[in-house]
1. Can you give the Rg and Dmax of the chain based on its C-alpha atoms, in angstrom?
2. Suppose we look only past 24 Å in the calculated P(r) of region 1-119. What percent of the Cα-Cα pairs does that tail hold?
3. Based on the Cβ-Cβ distance from residue 432 to residue 121, what FRET efficiency comes out when R0 is 51 Å, to the nearest 0.05?
4. Restricting to Cα pairs below 8 Å that are 6+ residues apart, what does the relative contact order work out to for region 248-306? Please round to a whole percent.
5. Can you pull the Kirkwood radius for region 52-183, inverse mean 1/r over Cα pairs, to one decimal in Å?
6. How high is the relative contact order of the chain, in percent, with contacts defined as C-alpha pairs under 8 Å that are six or more residues apart?
7. For region 299-442, restrict the atom set to alpha-carbon positions and state the Rg and Dmax in Å.
8. Compute and list, largest first, the equivalent-ellipsoid semi-axes of region 299-376 from the alpha carbon gyration tensor, each √(5λ) rounded to a whole angstrom.
Ligand code: SAM
Ligand code: SF4
């Protein structure tokens, strides 16, 4: 069989990054090889995100660029995967005549069949079934080709929470946990290939296994991964505040490989808005969980997601968000302007907040967090930290980059230090979103 080349462009969250890696494994098993330049590819796949308006627009403009390549190379196959594919389905084929296939979020295993048909010129394809609690990763080949010492592993798909602003349940389907033994097998294989850190992915990892009789729960899963030889660090994302269990809080500090970082999306500091968002907790409950986390593990770094300009958000409710941010002192924050998403309940909520007000609130929130991040990073100056070295830093000049257990990026001079090493550094200087350190030798 002729060797063919593929190029995957990925938008969106870590889940999409992971899916792209699994798709790459399927393609590799079919005699395809990855290329960095889309102009050299025989197959281009755009793995899309539709959680907000912006990434969706980016996916369409990438597709526009690839269409120009196809004009020069008519045999080029172009496919769309991910959340936009799931959301738009056949409609995408109708709108974009140059597209060859649309692959839904739970249909990864159909790629060989789709390619077989396309190679036999059997016509364009659309696979977007989303039914049932099916694990989309089962039956996929497992040839981990890690790109560094740190890797993602999905432990569950979908979400049953139906937050009113979010389309994930509509494009990723009902929540389904992967079998713990499949997860361990995958992490074991990654470890054998030199991976030292794994980030477990799910929309709400706290409910891992709860719907599968006889399966481990999330803490049980963490305990079993802790025993995998060679794996040095475990992280996870995302944890829903309403389901954050005492067992999980207690695991920080007890499990030596579990890193001291939790991403705990708050979304809003107003109880009325949290209610409209269908988040299932109040700001007081959120604060209480933060306090318990910090009591159990004083070192823990807490990061969050916030949305400004949710329909009907009043100025005083936005001020409550600022107060929560001031009070909690997050390490880092991801903040977004609310955008209407198809099929979600919030689409019907009003009044919509004008874009300029959303922009002003976002800027105010980000300015507040910038100061907090700066102070928290500054507190690291003079302290020692363990770093997992990821590779050369973007700055070049023999500098290396890595992360602390709390997920802070640290750059340091260390020409002779190999990626994958765990080293100790002394932090010398805090920058806006990273630290500078010097290597300590024993
Ligand atoms: N499962 C996670 C949780 O429970 O928070 C979040 C997953 S979502 C893919 C990532 C983030 O996108 C959310 O935390 C939220 O802040 C943001 N987001 C989701 N829908 C949004 C919307 N319609 N407008 C703006 N931001 C949105
Ligand atoms: Fe979306 Fe809410 Fe599910 Fe997170 S928990 S994926 S925000 S519905």
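Every number here is computed from the coordinates shown, using simple stated rules; none is lab data. These numbers were taken from a predicted model, which means no experiment stands behind them. Counting neighbours? That spans all protein chains shown, and the Cβs are built from the backbone with ideal geometry, glycine included.
1. 22.4, 65
2. The share of Cα pairs beyond 24 Å in region 1-119 comes to 17 percent.
3. That gives a FRET efficiency of 0.45.
4. Details: 57 pairs, mean separation 29.9, N = 59.
Reported relative contact order: 51 percent.
5. Here the Kirkwood hydrodynamic radius works out to 16.5 Å.
6. Reported as a whole number, the value is 10 percent.
7. Using the Cα atoms of region 299-442, the pair Rg, Dmax is 19.4, 61 Å.
8. Values: eigenvalues 125, 35, 21 Å².
Working from the Cα gyration tensor, I get semi-axes of 25, 13, 10 Å.
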